[in-house]
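Asks: For reference, the structure I am asking about is given below.
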C-alpha cells in the first residue's frame, strides 16, 4: 500500500483514476478514446460545460464570475494576471510569502509597477505577514493563499478596496472561504483539482478591459470567456480529469465537508509533530497550512534514516522542497485519513525505535 | 468499427491508447498513477528525456537544436515566436496560407513589423504561393507547412537567408524533409504526435537571445532550455502520450517509412476524388496536402445525405472545417490504409447508389 503525500502532481481519488483510464480506452462507449475526439464535438462540449458549471457551484461564485480552464500552469498566470490587470503606469500590491509569490512579483514587474507591501522573507517565509497597510490606489492586491514550499496558509484574507488576485494552486476547494471576495483566482490543477496541464481561472468580468495594453489573444481572458474556454484546442484529458475530481468533491458533500476532513488530517499530523520529541514544525503555529505540513527533525543526522524508513512503509513524496530540505507531507483533498494515520504511525514507530 | 479521420485531436495507434490507459492505472508497476507522480522524480524524468531525444533522432536534428515540450498549444507559439525573435523595430516576413497563418500574423504584429510577402487569400487559400521575393533583412520567415483547414501543403520549402520559422502542427513527422533548414519548428501535439495539451518546439539555440525585449519567463525559450523543458510542472500525461507515439513511429521505421504509407493513403483517396463524378477536390492539385484531404460534392444538395451515409459506415470526423464546409478527411500518421480504403469504398458505394 502506497500513501501518496506528493506536493503536486498529487494523489487522486482511486475512482477518478479508474474512470480517467477507462475514458482513455473508450470514452462513454463511443468506441473512441478521449484522446481522439474533437474538442468541439458532442462528446467534449458537455465535459467542459459541466466542469465550468461545477467549479462555479462548488465555489459558490456570483454571476459576475467566469470559470476558465486554461493552458500553461500557475506560472503562466503570474504574467497573465499582470498583463490583463496592470497598466504600465499603475501599481499593483503584492505580498511576498514565498518562492511562488516572489516569482509572481518578478513577472508582474515586466508590465507595471509592483509594490511589495509585506514579506516574510526575513524568517525564511515561515509565517504570514499581518498588520500591513494596503495602498488605496493599488490596481490589485496579489496573495498566495497557501505556500506549498513553506507550509504556511492565509487563514484571514485581508479586506481590500482593490480587486484581490489570488494564487490558490495548493489550497483551492480545500476549505470554505468566501470566493466572492476575490476578483481573480487561479490554480494549477495538479494538486486539488486534477492532473497537470491545466489551470483553473475564476475571474470577475467587471475587472477586465480596464487597461490600455494590447494583449496577445492567448493571454486575453476576455477572448477565452467569449470562446467559452475553447479558444484553441484545450488540454482535453486534463480538463476531463478535473471534471471527475469536481464530481467526486461534490459527492463528498462539497467544500465544507472536505474542509472538516482536511482539518482532522492536519490536526492529527501537527499534533504528532508537536508531541513527538524527534520532530519540529517549521511554520509559525498560527499560520500552519492544512495542505502542506512541513517539518524537520531535531537531530538532522536522523533525517536520511527516517526518510528510508518511511519509504519502506510506503510513504511517497514526503521529501521537503529542494530549496528548504526536511519533510513536507501534503494533505490535499484526496489524501485519506487512513494515509494520514499511517504517516503518524510511522513517526511514532520511528521514535519508539530511537527511544 | 470506427474510422477516425478527425482533424485534431485525432486518431492514435491502438497500442498507444492501451498503454496510455494502463499508465493512468499503474505507471510502470509503481503502484501509482501517471497522474500522481512527481514531475521531478525518477519516474517522469526518463520520460521527458527520452521524448526529447527521440524527437531529435526522428527529425535528425543538428546539435544546435533543443527540443521542448511546452504548454499552450500552437496558438501560444504564434505570440511566443514573435516575442522571442522579433524586435519591435525589426520586420518579420510571413506567408499567409490560411486561417492559422493569418492568426500567427495577427499575433506577431503586437511585437514588431510584419510584412506579408505572399498570400493565397485571393482564392480561398486553395493553393501555396510561389515565386515571391523574401526580403533580405527579415528577422525570420514564417510558414505554415500544412494548412489543415484548406488541405494545402508546402512541397518545396523556399530557400531563405533569415531563419525559417514553421508551424508544422498538422504535418510534423509525416514526411522526410530536412528539418535542419529551419530555425524554429513548432507543432501542437494533438495531430501527429500525441494528445492535446502539449506543443513540441524544436529551436536552434543560435537564433535566441538576439532581441532587446524583456520576455516573461514562461515565454522565454532560453529559460525552458536551461530547465530541460521542466521549468514549471509540465503537462505530464500529454508528454507521456507523445513519448508513446514517438516510440511507435520509430518502430514503424521512422519518418521515411511512414511517409511512404502516407503517400499511398493520400494517393488512394485523391484518386477516388478525381475519378468519382460526385466529388471534387478543393486544393490546387500540385499543392494538395497528404495530411488533410479536402473536397466538396459537385451537387451540394447531396452533402448531407453523404455525411449521414458515412456516419453509418463508421467514418468519424470528416466534416469540413466550420469556416469552409464540405468534407475533410485527415490522414495523419496513425490513420491506417485500411481506414483510408474504407473511406474510398464508402465514396464508391455512395456513387453507385446515386448512379
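Each value in this text was obtained by applying a stated rule to the coordinates, not by laboratory testing. It should be emphasised that the depicted structure is a prediction, and the values quoted were computed from it without experimental measurement. Glycine also receives a Cβ, built like all others from the backbone with ideal geometry; neighbour counts cover every protein chain displayed.
Asks: Once both labels are modelled 7 Å past Cα along the beta-carbon direction, what's the residue A:130-residue B:136 spacing in nm?
Replies: A separation of 7.0 nm, rounded to one decimal place.
Asks: Listing A:255, B:198 from the residue with the fewest other Cβ atoms within 10 Å to the one with the most, what is the order? List each step's numbers first, then the result.
Replies: Details: A:255 21, B:198 30.
Lowest count first: A:255, B:198.
Asks: Need one number: % antiparallel among DSSP beta bridges in chain B, to the nearest 5.
Replies: Details: 22 of 39 bridges.
Counting DSSP beta bridges with both partners in chain B, the antiparallel share is about 55 percent.
Asks: With the label 7 angstrom out along Cα to Cβ, how close does residue B:227 come to the same site in each of the other copies, in nm, nearest first?
Replies: Computed spacing set for this position: 2.4 nm.
Asks: Would the range B:254-354 count as rounded, prolate or oblate if I go by the C-alpha gyration tensor, calling it rounded below 1.5 in a/c and otherwise prolate when a/b exceeds b/c, oblate otherwise?
Replies: Values: a/c = 1.71, a/b = 1.49, b/c = 1.15.
Prolate, because a/c is 1.5 or more and a/b exceeds b/c.
Asks: Output, in nm with one decimal and in ascending order, the distances from the residue B:260 label point to the matching label points of the other copies (7 Å from Cα along Cα-to-Cβ).
Replies: 6.7
Asks: Follow-up question, since we're still on this one. What order do you get for B:275, A:303, B:136, A:66 when you list them from fewest to most C-beta neighbours inside 10 Å?
Replies: B:136, B:275, A:303, A:66
Asks: Among DSSP bridges having both ends in the protein assembly as shown, what percentage is antiparallel? Round to the nearest 5. Each step should come with its number before you reach the end.
Replies: Details: 44 of 78 bridges.
Expressed as a percentage, antiparallel bridges in the protein assembly as shown total about 55.
Asks: Here's something else I'd like to know. With an 8 Å Cα cut-off and a minimum separation of 6 or more residues, compute the relative contact order for the range B:213-355 in percent. List each step's numbers first, then the result.
Replies: Numbers: 122 pairs, mean separation 31.2, N = 143.
Answer for the range B:213-355 is 22 percent.
Asks: Could I ask something else about it? With the contact rule set at Cα under 8 Å and sequence spacing of 6 or more, what percent relative contact order holds for chain A?
Replies: Dividing the mean separation by the residue count of chain A yields 23 percent.
Asks: I need the calculated FRET efficiency for the pair residue B:285 and residue A:271, taking r as the beta carbon distance and R₀ as 51 Å, to the nearest 0.05.
Replies: The calculated FRET efficiency here is 0.10.
Asks: Now for a different question. Take chain B, connect every pair of alpha-carbon atoms lying under 10 Å apart with a spring to form a Gaussian network, then pick out the residue of B:280, B:153, B:190 with the largest mean-square fluctuation.
Replies: Sorting by GNM fluctuation, first place goes to B:280.
Asks: Does the protein assembly as shown classify as rounded, prolate or oblate by the C-alpha gyration tensor (a ≥ b ≥ c root eigenvalues; a/c under 1.5 gives rounded; else a/b over b/c gives prolate, otherwise oblate)?
Replies: Numbers: a/c = 1.95, a/b = 1.58, b/c = 1.23.
In terms of gyration-tensor shape, prolate.
Asks: Calculate the mean, over all residues of peptide A:222-233, of how many other protein chain Cβ atoms lie within 10 angstrom of the residue's Cβ. Please report the intermediate quantities before stating the final value.
Replies: Values: counts 0, 0, 0, 0, 0, 0, 0, 0, 0, 2, 9, 12.
Going residue by residue through A:222-233 and averaging, the value is 2.
Asks: Quick one: check the C-alpha center-to-center distance for the range B:99-125 versus the range B:182-212, whole angstrom.
Replies: 19
Asks: Between residue B:263 and residue A:252, what's the calculated FRET efficiency when r is the beta-carbon distance and R0 is 51 Å? Round to 0.05.
Replies: My answer for the efficiency is 0.40.
Asks: Now a separate question. Rounded to the nearest 0.05, what FRET efficiency is calculated for residue B:341 and residue A:336 with R0 set to 60 Å and r the Cβ-Cβ distance?
Replies: 0.70
Asks: Would you calculate, for chain A, the mean residue ellipticity at 222 nm contributed by helices, counting each DSSP H stretch of 4 or more residues as -39,500 (n - 2.57) and dividing by all residues, to the nearest 500?
Replies: Details: 9 runs with 122 residues, N = 355.
One gets -11000 deg cm²/dmol as the mean residue ellipticity at 222 nm.
Asks: Starting from the 7 Å offset along Cα-to-Cβ, what nm value, one decimal, do you get for the label separation of residue B:22 and residue A:206?
Replies: 5.5
Asks: Over chain A, with a Gaussian network built from C-alpha contacts below 10 Å, which listed residue (A:323, A:174, A:119) shows the highest mean-square fluctuation?
Replies: A:323
Asks: Normalising by the residue count of the range B:87-207, find the relative contact order in percent from Cα pairs under 8 Å and 6+ residues apart.
Replies: 19
Asks: So which residue, out of A:129, A:235, A:42, gets the largest mean-square fluctuation from a GNM of chain A using Cα contacts under 10 Å as springs?
Replies: Of A:129, A:235, A:42, the most mobile in the Gaussian network model is A:42.
Asks: On to the next question. Which distances, shortest first and in nm, link residue B:314 to the matching position in the other copies, using label points set 7 Å out along Cα to C-beta?
Replies: List, nearest first: 4.3 nm.
Asks: Using a/c under 1.5 as the rounded threshold, could you call the range B:137-208 rounded, prolate or oblate? The axes a ≥ b ≥ c are square roots of the C-alpha gyration tensor eigenvalues, and prolate needs a/b larger than b/c, oblate otherwise.
Replies: Values: a/c = 1.98, a/b = 1.35, b/c = 1.46.
Oblate.
Asks: Calculate the spin-label point distance for residue B:30 paired with residue B:226, positioning each point 7 Å from the Cα along the beta-carbon direction, and give it in nanometres.
Replies: Placing both labels 7 Å beyond Cα along the Cβ direction yields 2.7 nm.
Asks: Where does each of A:95, B:116, A:236 land when they are ranked from fewest to most other beta-carbon atoms within 10 angstrom?
Replies: B:116, A:95, A:236
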